[in-house]
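Here the structure is laid out as structure tokens; the discussion comes afterwards.
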Amino acid sequence: WPEIQCSVDFLKQTPITIDSINEYPILNPATLNITKVYDQFFVEVVNLTYFSGNTFYIDEKIWRPMLMRTPFLVQGPQNYLINLRRLGFKTFEQWWDEGYSEDPGKSQITGLINNLDWLAQQSVGDLESMYTDMQAVLEHNYQRLMEITENQFLELCRN
């Protein structure tokens, strides 16, 4: 299975550290403030807590890349990206295949890996160009997040 081999190859390179932390990392302020490293990566893979069943659970995991104006891929419940778009957010279907989001949660991994493999094959210049092209979407999502109301969430749940 290529998915398993990819994981094995990754694990051989671990641990990968950003900062040395001498304290227990959970609830350590230095660990909680990951926003300081956002300028060092191109895309965030958002792994939602609830990724199966008929759910549309929104939490800080999806808000963080929007606040940081960072492109994202989402491993979540089926049709999660469709529901984000129903709330007025934009996604990245113009740049990569988001069809994986229409698959059941556990089946999305293949599509996510394909997207990550494709991104890994792009040159830094191509990624910089892509990121420049995404600025309108990233800014739109930030502004939408700042203006969205609780009633808009509730309306989505009713429909």
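The values are calculated or read from the model by the stated rules, or taken from the named source; none is laboratory data. The structure displayed is predicted, hence computed values, not measured ones. Heads up, the Cβs are rebuilt from the backbone with ideal geometry, glycines too, and the neighbour counts pull from every protein chain shown. Accessible surface areas use protein heavy atoms only, side chains included; no ligands, DNA or RNA. Shrake-Rupley method; radii C 1.70, N 1.55, O 1.52, S 1.80 Å.
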Report task. Would you please give the residues with an amide H less than 5 Å from that of residue 45, counting only those at least 5 places away or on a separate chain, with H modeled from the backbone geometry? Result -> 73
Report summary line: From the Cα centre of segment 109-157 to that of segment 63-83, the distance in Å is 7
Query - Under 29 Å from residue 90, Cα to Cα: lysines that are on another chain or at least 8 residues apart - result: 36, 61, 106
Query raised in the report: residue 146: accessible area at probe 1.4 Å, nearest 10 Å²?
Result: 100
Query raised in the report: Carbon and sulfur: what percent of segment 43-115's accessible surface (1.4 Å probe)?
Result: 46
Query - Gained length - residue 54 relative to residue 69, 0.36 nm times residue gap less alpha-carbon distance - result: 2.6 nm
Report summary line: Between residue 144 and residue 9, the FRET efficiency computed from the C-beta separation at R0 = 30 Å comes out, to the nearest 0.05, as 0.20
Query - Phi-based couplings in Hz for segment 122-135 (Karplus 6.51, -1.76, 1.60; Gly and Pro marked x) - result: 7, 6, 4, x, 5, 5, 4, 5, 4, 4, 4, 5, 7, 4
Report task. Name the aspartates and glutamates eligible as straight-distance cross-link partners of residue 12: C-alpha to C-alpha under 15 Å, and not fewer than 8 places from it in the same chain. Result -> 3
**Report entry** Dipole of segment 109-159, positive end: most advanced residue of 122, 134, 112 [Cβ charges, Cα centre]
**Finding:** 112
Requested in this report: State to the nearest 20 debye the size of the charge dipole of segment 49-130 about its Cα centre, where the only charges are +1 on K and R beta carbons and -1 on D and E beta carbons.
Outcome: 340
**Report entry** Test item: Cα-centred dipole of segment 109-156, Lys/Arg +1 and Asp/Glu -1 on Cβ, debye
**Finding:** 80
